[in-house]
Amino acid sequence: MQFFKDIFYIFFPNYCLGCDKTLHNYESYLCTYCRHDLALTYFTDETANRLERSFYGRIKIRAATSLFYYEKHHKAQELIHLLKYKNQQQIGVFLGDWMGNELKNSERFKELDCIVAVPLHPNKLRSRGFNQLDKFGKQLSYHLDIPFINEVLIKKTSSNSQTQKGRFARLKNTEEIFAIQQEHLLRNKHVLLIDDVITTGATMEACYNTLILIEGVTISLVTMTCSKY
């Protein structure tokens, strides 16, 4: 069997998502060099980690984690850019598998009931053609064996990119732009709210303030990347 795999690999090689170099047959998605360029946060099993502390006095979450630090000119930023703007959706699968394995082995994330993604406005979804969190959420759903629910949280107002805005500007820009429907699907549930990048946390805070209106909801947060400072 390994012989046929080796022959297949010779004629149909896989390429690194980070640098386009040919992957060795023991590598998947990223080469060893690019993996070493990813700055892991190690937040998943850390109570009161830096990400959780950033929400103190703002919102009451159960737990929060992120895979990598998001830094300019580093591999994590490049992967998010490829995922969102170059339709490299296999990156969502890769990151979902990585995070899914972390979460299912963590005592802090044992009692989750469902997954909800930060939504795109319908106009943005049509222009991009996909939500960059879709594959990520589906892989988390697979590993955690809980449903990925996209029918409840919706974005009713379009907003411009917030990457360069500070926390208060971002929060003001996100007030009252999310809404809920079919809220019975989340009633009395522990929701895992997911996003790709978290910087000031204003978007997550706005989503939280909308979801928490549902009876009995508790919320934990997971992102692919987060700001280091």
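Bear in mind that the values in this text are calculations on the coordinates, not laboratory data. Since this is a predicted model, take the numbers as computed values, not measurements. Counting neighbours? That spans all protein chains shown, and the Cβs are built from the backbone with ideal geometry, glycine included.
Extension gain, Asp45 to Tyr142: 0.36 nm times the residue separation minus the Cα-Cα distance gives 32.9 nm. Maximal additional length on extending the Leu213-Lys72 stretch stands at 47.2 nm, based on 0.36 nm per residue less the C-alpha distance. The H on the amide N of Cys226, modeled in the peptide plane, is under 5 Å from the matching H of Phe68, Tyr69, Tyr70, Ile198, each at least 5 residues off or on a different chain.
Estimated from helical segments only, the mean residue ellipticity of the chain at 222 nm is -10000 deg cm²/dmol, where each DSSP H run of four or more residues counts as -39500 (n - 2.57). Against the chain, whose longest principal axis comes from its Cα atoms, helix 75-85 is set at around 70 degrees.
Sequence-ordered 3J(HN,Hα) estimates for region 21-26 from the Karplus curve with 6.51, -1.76 and 1.60 and θ = phi - 60° stand at 6, 5, 7, 6, 5, 9 Hz, glycine and proline given as x. Close amide-amide hydrogen proximity is noted between His190 and Asp113, Cys114, Thr218, each under 5 Å apart and 5 or more residues distant or on a separate chain (H modeled in the peptide plane; Pro and chain starts excluded).
Axis of helix 2-11 versus longest Cα principal axis of the chain: the two differ by about 90°, to the nearest ten degrees.
Counted over the chain, the DSSP beta bridges are approximately 25% antiparallel. Residue-wise HN-Hα couplings along region 109-118, as the Karplus relation 6.51 cos²θ - 1.76 cosθ + 1.60 with θ = phi - 60° gives them from phi, are 10, 7, 10, 6, 10, 6, 10, 10, 9, 4 Hz; Gly and Pro carry x. For Phe148, the residues whose modelled amide H falls within less than 5 Å of its own, excluding neighbours fewer than 5 places apart on the same chain, are Ile115. Hey, which of these cross-link pairs are over 26 Å Cα-Cα: Lys72/Lys189; Lys135/Lys189; Lys60/Lys124? Over 26 Å apart, Cα to Cα: Lys72/Lys189; Lys60/Lys124. Each Lys and Arg Cβ is given +1 and each Asp and Glu Cβ -1; about its Cα centre, the chain then shows a dipole of about 680 debye.
Matching the structure-derived volume of the Cα convex hull per residue in Å³ against the labelled list (i) 117; (ii) 135; (iii) 163 gives the label (ii).
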